1. Given (1) out of contact with any Phe, Trp or Tyr (no Cβ under 9 Å at 6 or more places or on another chain); (2) over 20 Å from GLY5 (Cβ atoms); (3) within 16 Å of the ligand (Cβ to nearest atom), where does ARG279 come up short, assuming only one miss?
2. Among the residues of the range 171-212, which ones are farther than 17 Å from GLU41 by Cα, assigned to a loop (DSSP other than H, G, I, E, B) and touching a residue at least 24 places away in the same chain (Cβ under 8 Å)?
3. Which of the following residues is assigned by TED's automatic domain parsing to the domain that holds TYR267, out of contact with any helix residue (DSSP H, G or I) (no Cβ under 6 Å at 6 or more places or on another chain) and β-branched (Val, Ile, Thr): ILE194, ILE171, ILE218, ILE210?
4. So which residues in the range 266-303 are aromatic (Phe, Trp, Tyr), farther than 29 Å from ALA324 by Cα and open to solvent by less than 80 Å² (accessible area, probe 1.4 Å), if there are any at all?
5. Can you tell me which residue is least open to solvent (accessible area, probe 1.4 Å) among those in the range 304-322 that are assigned to a helix (DSSP H, G or I) and within 8 Å of the ligand (Cβ to nearest atom)?
6. Keeping to the range 22-45, report how many residues are loosely packed, with under 15 Cβ neighbours inside 10 Å and at pLDDT below 85.
7. Take the residues in the range 59-104 that are among the small types (Gly, Ala, Ser), open to solvent by 40 Å² or more (accessible area, probe 1.4 Å) and at pLDDT 75 or above; name whichever of them is farthest from LYS150 (Cα to Cα).
8. Exactly one condition in (1) out of contact with any Cys (no Cβ under 6 Å at 6 or more places or on another chain); (2) open to solvent by 20 Å² or more (accessible area, probe 1.4 Å); (3) closer than 18 Å to PRO226 by Cβ is not met by VAL253; state its number.
Amino acid sequence: MISAGDIEKYAYCPLSWWLSKQDKKVDSLEGVKSHEREGEELEDIRKKEVKKAYYNKLILALAVSASLAAVIGIIILPGVAEKENDYVFIVFSLIWLLNSIFFLYRAERISIVSLKLRYEKAILLSSMGAILIALIVILSSLPSNEEFSKFLEILALLWIVLANIIFYRSINLSEELLIKKLRYVSSDDNIAYIGIKKESPMLESSRYGIRGKPDYIIEKDGEYIPVEKKTGRTPKGPLFSHIVQLIAYCMLVEETFGKVEYGILEYDERKYFINYDERLKNTVIKLRENLVKDLKRGEAHRNHNREGKCMNCSRRDICPERLA
Ligand code: SF4
């Protein structure tokens, strides 16, 4: 298995990669710290998203329970349950059921994941409405009980108050989350993986013989987008070696997570969206093959005549073939 980081160094200059195997001082301390900070922030975002989802479920459960308790409370209040009302309830129940069938039909036909989820939520709500109304009809046959009715109304009120408190906390959490999240992804996207964290699993591809950990992976409408952040000087365009590393991540993500259309190369001052195409994929495969050959030979050499490259090379001080 060859790491995407090694392929990146090899793409910059084979000798740079070779020297890096002996000289381990690579990333600047500032770069490492910045990566750690981002890793913690991304993890915090993920935890808050889980908390927000939990709050939403709790609010829904409390609201449904409170509505149910309130409705039952009204039904068993003496003088409320009348037989002729049953027909009205049955009609309403049928409307809700038809509503569920409509959304079920739409959810089956739509391929956009986010819309599908919305339709599925609508199905759930419509079915719950139908069940609730059917329940009212059944409960209307219960004997009246004023005391129990009052108890249920008070219980419903307490649950609604609790749901509101949680709702308020959920709004605060959403605002906080949105501000933090927008630094990395848009509000509707999810963070599927955080490679910056030390304990994150290494992604491996037995098919291509590569491994690595992209900084993080965004999940957007069922597609995955690896993101690689580069600290330090922002170049005028994306560097070839960085593109190669990102494409290696695209290959890993495609095999481990699913569909990949492009990856993001993020410098301090600019972001580049790099298309994941066959040409770049073949470049990565070819570079890996050359790297393995050099590894077997036990040597690697400069493959360019660019002084500027040597000027910016972090291994210039120990390089026997440097041009500058
Ligand atoms: S100084 Fe130049 S030749 Fe040497 S490793 Fe760096 S880029 Fe390659």
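1. (3)
2. Within the range 171-212, ASP188, ARG207, TYR208, GLY209 meet the criteria.
3. The conditions single out ILE218.
4. TYR272, TYR276
5. Looking at the filtered set, the residue picked out is CYS310.
6. 15
7. Filtering the range 59-104 for residues that are among the small types (Gly, Ala, Ser), open to solvent by 40 Å² or more (accessible area, probe 1.4 Å) and at pLDDT 75 or above, the one farthest from LYS150 (Cα to Cα) comes out as ALA61.
8. So the condition that VAL253 fails would be (2).
The values are calculated or read from the model by the stated rules, or taken from the named source; none is laboratory data. Bear in mind the structure is a predicted one, so any value in this text is a computation, not a measurement. Because the Cβ atoms are built from the backbone with ideal geometry, glycine has one as well, and the counts that use them run over all protein chains shown. Ligands, DNA and RNA are excluded from the accessible area calculation, which covers all protein heavy atoms including side chains. Shrake-Rupley method; radii C 1.70, N 1.55, O 1.52, S 1.80 Å.
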